Amino acid sequence: MQTTLILLKPDTVERGLIGQVISRLENKGLTLVGLKMMQLDDAIINEHYDFLADKPFFPSIQSYMKRTPVVAMAVRGKNAVTTVRSLTGATNPSEALPGSIRGDFGLTIDGNIIHASDSEETAKTELNRFFGGKDIFDYTKMIEEIL
Ligand code: GDP
């Protein structure tokens, strides 16, 4: 089992799409093991997007990511990292395939709906960044006991 980190970005919160995006993850069979709303500050945004710090669009990421709170989620399942990245779709929603979260809900790269960890190693770092080892729950679904 893998656990990955997801952020529902400010456009998702503002447009009332939180439930629809979570449904995509649940419908796939992934298990939500952590869920919280967080107001990000400059320190955590700068750390999270450190690899983009020299890009001309970095200031717009900084202001965008703190426009509203975000929803941070820990999501568990077999191959959760690649599965969630597939559901997420390409970075630019105009290139993301219909059927993917960004392909169905996003329009511009400035507000591309969702962040999802891109590797198992990154997921560990990002889960620690946003959950700090707390509020991630290990539980068994009754259905898994029956099947
Ligand atoms: P991701 O893993 O698909 O989210 O893509 P990256 O790790 O390459 O980029 C991180 C985030 O930076 C993306 O999700 C976008 O929100 C943002 N970003 C990437 N490229 C651009 C760009 O060219 N312009 C703008 N405005 N934002 C970008």
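The values are calculated or read from the model by the stated rules, or taken from the named source; none is laboratory data. The model shown is predicted, which means the values in this text are computed figures rather than measured ones. Neighbour counts run over all protein chains shown; Cβ positions are idealised from the backbone, glycine included. Each accessible area value is taken on the protein alone, full model and side chains, heavy atoms only, with ligands, DNA and RNA left out. Shrake-Rupley method; radii C 1.70, N 1.55, O 1.52, S 1.80 Å.
Miscellaneous remarks
- On inspection, VAL71 does not qualify as within 12 Å of the ligand (Cβ to nearest atom) and not in a loop (DSSP other than H, G, I, E, B).
- Looking only at residues in segment 1-34 that are over 18 Å from THR88 (Cα atoms) and open to solvent by 50 Å² or more (accessible area, probe 1.4 Å), the one that is modelled with the highest pLDDT is GLU14.
- Total residues in segment 101-121, condition open to solvent by 10 Å² or more (accessible area, probe 1.4 Å) and either in a loop (DSSP other than H, G, I, E, B) or without any contact (Cβ under 8 Å) to a residue 60 or more places away in the chain (or both): 12
- Pairs where the first residue, in segment 31-58, is under 17 Å from LEU8 (Cβ atoms) and the second is among the acidic types (Asp, Glu), C-beta under 6 Å, 6+ apart: GLY34/ASP135
- Residue list for segment 122-133, filter: surrounded by fewer than 14 Cβ atoms within 10 Å (Cβ to Cβ) and either hydrophobic (A, V, I, L, M, F, W, C) or modelled with pLDDT under 95 (or both): GLY133
- Scanning segment 2-11 for residues that are under 11 Å from the mean Cα position of the chain (by Cα) and over 15 Å from ASN128 (Cβ atoms) yields LEU8, LYS9.
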